[in-house]
1. What 222 nm value per residue comes from the helices of chain A, counting each DSSP H run with n ≥ 4 as -39,500 (n - 2.57) and dividing by all residues, nearest 500 deg cm²/dmol?
2. Multiplying the sequence separation of A:ARG16 and A:ARG239 by 0.36 nm and subtracting their Cα-Cα distance, what value in nm do you get?
3. Could you name the aspartates and glutamates whose alpha carbon sits less than 20 Å from that of A:LYS151, not counting residues in the same chain fewer than 8 places away?
4. Suppose each label sits 7 Å from its Cα in the direction of the beta carbon; what would the A:THR229-A:GLN186 distance come out to in nanometres?
5. Give the range of the longest stretch in chain A that excludes all GluC sites (Glu not before Pro) found in loop regions by DSSP and having at most 16 other beta-carbon atoms within 10 Å.
6. I want the antiparallel fraction of DSSP beta bridges within the stretch A:75-177, as a percent rounded to 5.
7. Mind checking the alpha-carbon convex hull of the stretch A:52-119 and giving the volume per residue in Å³?
8. Along the three principal axes, how long is chain A when you take its alpha carbons, biggest first, rounded to the nearest angstrom?
Amino acid sequence: MPELPEAERARQQIARVVGREIVAVDDSDTYVCRPHAPGEIAQALLGRRLTAAHRRGKFLWAETDDGGPDLGLHLGMAGRIAVDEDPAPNRWDRFVLEFAGGGRMALRDKRRLGRAVIEPDFSHVGPDAAEVSRDMFRARVGRGSLALKAKLLDQGVIAGVGNLLADETLWRARLSPRRIAGELDQDELDHLRRQLRAATRDAIREGGVHTGRFVQARGRGGTCPRCGTGLDRATIGGRTTYWCPRCQPS
DNA sequence: AGCATTGTTTCACA
DNA sequence: TTGTGAAACAATGC
């Protein structure tokens, strides 16, 4: 599930525990907490408080008090942040903070592709897809020979777009996922950015990328919500991609 | 049984 | 340097 809209909801959850004293840390999942050894994150956080919750694309991090280290979190393919909920039954809470007074925050992740790390490095992460300026978007997205879909999925170009949001955005913008990024003109790039922002804003408001009109129609045998044409399907940028061949001509 | 899956990283290679 | 594709990661669901 998690793309930028889900990550933003997760950030809001993290913000709820800002100011609470951390009295226990479960960092025993060595895969989710890699490369840290068990207890390393605990030692860095025990007794501290989170002071702010931030997000860039799908990457989350929280500042800590007294010059403590940042705590980086990523939801991976199936994670979410559970605040003050009962512990998950099947050890799906991969990383947990417990607070004075009994509350808790868990990275709840059926798979284990989420991450929890101290002092995260975002040097290779592009600007947030919902915040990127028009000029920055033109310069970063509108170059190179990659297919447009692959370009949007590259977190180093712009951060936050996943497979579903990419398809939703391209459908809204009436652009083929196969178009070459560097061949779009300025008007097309500006239009694409507008549609990306709109699709992202709608998804955050409606509760996730799954609420998108196109995402709901997306799938084997799906038809275009606008014109009823059967959707095309192919692997682009390593991900299964759907598009309307009529609305989004190559 | 086999295949697919919303994410990221790494690697071999062109 | 830039780009491509595949594999790996882990686990679940159809």
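Just so you know, all these numbers are worked out from the coordinates, no wet-lab data involved. Please read all numbers here as calculations on a predicted model, not as lab measurements. Ideal geometry is used to build each Cβ from the backbone, glycine not excepted, and the neighbour counts take in all protein chains shown.
1. Here the helix-only value at 222 nm equals -8000 deg cm²/dmol.
2. Between A:ARG16 and A:ARG239, full extension yields an extra 76.8 nm.
3. A:GLU3, A:ASP128, A:GLU131, A:ASP135, A:ASP167, A:GLU168, A:GLU183, A:ASP185, A:ASP187, A:GLU188, A:ASP190, A:ASP232
4. With each label point 7 Å from Cα toward Cβ, the separation is 2.9 nm.
5. A:132-250
6. 90
7. 87
8. Computed over chain A, the largest-to-smallest principal extents equal 57, 37, 29 Å.
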